[in-house]
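Let me begin by presenting the structure, written as structure tokens, before commenting on it.
The values are calculated or read from the model by the stated rules, or taken from the named source; none is laboratory data. On a predicted model such as this, the values are computed, not experimentally measured, just so you know. Positions of Cβ are generated from backbone atoms using ideal geometry, with glycine treated the same way; all protein chains shown enter the neighbour counts.
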Amino acid sequence: MLKAVLFDLGGTLVYRYTKFSELITLGHQAVVEYLFKKGYTLQIDEAVKVANEIYGAYHTFTEKAYIELDFKIIYSAILSRLGVPDYSNEELISGAITNFYSPIVSAYYITNDVKEVLSKLKKKGLKLGLVTDNHSTDWAFHLLQKFELEPFFDSIVVSSQIGIRKPHKQIFLHSLKTLHINNENSIFVGDSLSHDIQGAENTGIKSVWLNRKRERQKPKTPKPHYEIKNLLELVDIIL
């Protein structure tokens, strides 16, 4: 019997207006402006270049190892490379991260079906969990607060909290443990075949592929148990 529904966040419940690469640049520019107010003058072009180099190397590593580092470690390395003397100052790093995510969070929106579906599932007595990859909890919780989604969830797991990211099964198992639910009584909803659907398969959880863009499934990709074009179709599958 189904007792819990787990969701991905980015691309499943929230969406962005702008290309990710452009948002990252806006984030780094916001950090440069923040550091200028703190007395550190940096060239935006150099800051963006250094940040992209370090973040790019990290992204390549984490996609292969499924290990997630806290963004404070990453941004400390960026500040160090940029010659900021207080690169290990926690207050300075936290401020930099908050400013980094400000323009990024502003570029996200949700569709009309999100709250409607979450509300229907909750009313049926199902537990709801969120499992999302990000090297900072700031991004996830700021988005959830922006759209007032946090109250819907009984468990919220961000990869940086446990140091492991999708599709490694441990992050899914951690979510199930917090919900006190086993894999046979749960289902996972996500937009990424390689991260969400593969991760659910690794854990023995039934999966729903949210394919809003109506993409064709490529050969040798994990096969979801269900495929939907919008979240309202999920209600028909579950309820």
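Of all the criteria given as (1) surrounded by fewer than 19 Cβ atoms within 10 Å (Cβ to Cβ); (2) modelled with pLDDT under 95, the one not satisfied by G125 is (2).
In segment 2-45, the residue that is farthest from S106 (Cα to Cα) out of those that are of a type in the set (V, I, T) and assigned to a loop (DSSP other than H, G, I, E, B) is T41. For segment 91-101, the condition of being out of contact with any Ser or Thr (no Cβ under 6 Å at 6 or more places or on another chain), surrounded by 15 or more Cβ atoms within 10 Å (Cβ to Cβ) and not in a helix (DSSP H, G or I) holds for none of the residues. Can we say P224 is buried (at least 21 other Cβ atoms within 10 Å of the Cβ) and in a loop (DSSP other than H, G, I, E, B)? In short, yes. For the criterion of being farther than 21 Å from S160 by Cα, of a type outside the set (S, T, Y) and not assigned by TED's automatic domain parsing to the domain that holds G190, D86 passes. When the test is whether a residue is in a helix (DSSP H, G or I) and buried (at least 17 other Cβ atoms within 10 Å of the Cβ), I74 passes it. Taking segment 131-158 as the range and being within 19 Å of I24 (Cα to Cα) and of a type in the set (G, A, S) as the test, the residues that pass are S136, A140. Being touching a Phe, Trp or Tyr at 6+ places or on another chain (Cβ under 9 Å) and surrounded by fewer than 16 Cβ atoms within 10 Å (Cβ to Cβ) is the filter here, so list the residues in segment 1-17 that pass it. Selection gives Y15, Y17.
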